[in-house]
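What follows is one structure encoded as structure tokens, with my remarks underneath.
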Amino acid sequence: MASTLLSSPLQGFTDFRFRNAFHHYFGGIDTFYAPYIRLNGKLKIKESYKKDLSPENNTTLEVIPQVITNDPEEFLFVAKYVQSLGYKELNWNLGCPYPMVTKSGMGSGLICNPQRIDEVLHKAHNETDILVSMKMRMGYENAEEILDTFSILDQYPLKNIAIHARIGKQLYKGPVDLDAFEKCISSTKHKLYYNGDITSVAAFKAIEKRFPSIDHYMIGRGLIADPFLPSMIKNNTTEYPADRWSIFSEFHDTIYKQYDEYLSGPTPIKMKMLGFWEYFSQATSNPQKTYKAIKKAGNPIKYRQAVNMILNTEAKIRN
């Protein structure tokens, strides 16, 4: 049985520019989740969200929109909006671990409130026919929190529940809790997807072996750090293509050009690419040195020089 690979949404990274370039140069991902829509109490869709989900910006791949909210009216508003664009599914984020989200009782900060979860799902399933799926952590404070939600979740025809096997307050630190994930499998009737620390083909195989009933896997940070990873998993190989760094170079130049056109001035593009290089650098032979070289590049010309130097060095090492 072939596994289905999904791109986990990462705020600030996996927008339509990244998704389209990734799909074109690397492939391996069956479905992409768009970063979440957040309304902050105003029933209005921001332009950046409109652009990200616009069908004309997502012609070559399957995309599922996502919302983060703890308010039934907001959920309904977003559901109707994405349906108007032709989407049939809306993913609900109960996974985001960041304090500015969780303190507002959203993301993984909502898992401890099954009653509110029920209110949102009740309205969604009674006032719209959109297909609802979930993205969750184990909880915020502890891994038992999610178990208390299953009696509610099992009352609704959810498409699936994707679980990142950490608690919210861990952020991305420390190991994933595979024992807690295993408990979830036997605690709900819903189809579960696995998410968390799939950073290599070997890591993927270990998860696959541990959970034979799981056939959908979400890759988040691992996909940005090593964009070849999904296709390598699909092709059951640990071998990179011979022209690995020239493919990466073209991908990098494509997203750089698009972000440079979208962002105004040298500082925003520098910060944007620096964020990406926190991940990209992990696939190089000396991550610290690579990241330092990018950080030191004070203007677009120096940035280009740093990137060329890094990629040329890697190509020589690997050949």
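Shown in residue order for region 25-36 are the 3J(HN,Hα) couplings computed by the Karplus curve 6.51 cos²θ - 1.76 cosθ + 1.60 at θ = phi - 60°: 8, 10, x, x, 9, 7, 9, 9, 9, 6, x, 5 Hz (x for Gly and Pro). Derived scalar couplings between HN and Hα for region 172-184 equal 10, 8, x, x, 6, 9, 6, 5, 5, 4, 4, 4, 4 Hz in order, rounded to whole Hz, by the Karplus curve 6.51 cos²θ - 1.76 cosθ + 1.60 (θ = phi - 60°), x for Gly and Pro. Whole-Hz Karplus values for region 289-298 come out as 5, 4, 5, 4, 4, 5, 4, 6, 5, x Hz, taken residue by residue from phi with 6.51 cos²θ - 1.76 cosθ + 1.60 and θ = phi - 60°; glycine and proline positions read x. Computing Rg and the Kirkwood Rh from the Cα coordinates of region 1-130 gives a ratio, Rg/Rh, of 0.97. Helix 72-84 against the longest principal axis of the chain: what's the angle in degrees, Cα atoms only, rounded to the nearest 10? Computed tilt is about 60 degrees.
Each principal axis of the Cα cloud of the chain was taken in turn, and the coordinate range along them, longest first, works out to 57, 44, 33 Å. For a test of the definition: using alpha carbon positions, the gyration tensor, and the 1.5 limit on a/c, classify region 62-106 as rounded, prolate or oblate. Here region 62-106 falls in the oblate category.
Adding -39500 (n - 2.57) for every DSSP H run of four residues or longer, then dividing by how many residues the chain holds, sets the calculated 222 nm ellipticity at -13500 deg cm²/dmol.
Counting Cα-Cα pairs of region 245-319 in 5 Å increments starting at 0 gives whole-percent bin shares of 3, 16, 29, 29, 16, 6, 2, 0. Shape summary of region 233-282, radius of gyration then Dmax from alpha carbon positions: 13.8, 42 Å. Counting only the Cα atoms, region 1-55 fills a convex hull of 104 Å³ per residue.
For the chain, what's the relative contact order in percent, using C-alpha pairs closer than 8 Å and at least 6 residues apart?
Numbers: 504 pairs, mean separation 49.9, N = 319.
It rounds to 16 percent for the chain.
Compactness of region 24-75 is given as radius of gyration and Dmax, 13.0, 39 Å, from Cα positions. Any idea what % of Cα-Cα pairs in region 158-275 are farther than 26 Å? Tail fraction, whole percent: 38. Can you tell me which of Leu153, Leu85, Leu39 moves the most in a GNM of the chain? Springs connect C-alpha atoms under 10 Å apart. With Cα springs under 10 Å in the chain, the top fluctuation among Leu153, Leu85, Leu39 is at Leu85.
Laboratory data are not the source of any read-out in this text; all were calculated from the coordinates shown. All values derive from a computational prediction rather than experimental measurement.
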